[in-house]
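The values are calculated or read from the model by the stated rules, or taken from the named source; none is laboratory data. Please read all numbers here as calculations on a predicted model, not as lab measurements. Here the Cβ is made from the backbone with ideal geometry for all residues, glycine too, and neighbour counts use every protein chain on show. The area values use the complete protein model at the heavy-atom level, side chains included, leaving out ligands, DNA and RNA. Shrake-Rupley method; radii C 1.70, N 1.55, O 1.52, S 1.80 Å.
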Amino acid sequence: MIAADPVTSNIFIVSYQENPETGYPGYALPSYTNQYDAQGKFVKKYENTATGPISVVFNTDVKFVK
């Protein structure tokens, strides 16, 4: 999964981890997300708790309920 943040233009790539026993994607392992800035420079790696990366959502509109 690849997504661009519409506010910061940062790029997020979500992927499966490599299964160390097989060298192939570990579909039962948690996924990870790499963040890059708008120029493509690596910013940070996030360890996800879920398996099977399927979407990225950016909350660009925050509303508070009174």
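Evaluating kT/(6 pi eta Rh) at 25 °C and 0.890 mPa s, with the Kirkwood radius of the chain over Cα pairs in the Stokes-Einstein relation, gives 184 µm² s⁻¹.
What do you get for GluC sites (Glu not before Pro) in the chain restricted to DSSP loop and a cutoff of at most 14 other Cβ within 10 Å of the site's Cβ? Those that pass, being in a loop and sparsely packed, are Glu21.
Using a probe radius of 1.4 angstrom, the carbon and sulfur fraction of the accessible surface of the chain is 55%. A simple spin-label model places pseudo-atoms 7 Å from Cα toward Cβ; at Asp61 and Gln35 they are separated by 2.4 nm. Surface exposure of the chain, expressed per residue as accessible area with a 1.4 Å probe, stands at 80 Å².
When only Cα pairs under 8 Å and 6 or more residues apart are kept, what is the percent relative contact order across the chain?
Answer for the chain is 30 percent.
Bridgeable aspartates and glutamates around Lys45 (alpha carbons under 18 Å apart, same-chain partners fewer than 8 residues away excluded): Asp5, Glu18, Asp37. Label positions at Asn10 and Lys44, each projected 7 Å from the Cα along the C-beta direction, are separated by 0.5 nm.
Rank by packing, highest mean first: peptides 6-14, 29-37, with packing defined as the count of other Cβ atoms within 10 Å averaged across residues. The partial results should precede the final answer.
On the way: 6-14: 13.9, 29-37: 15.4.
Result, highest mean Cβ count within 10 Å first: 29-37, 6-14.
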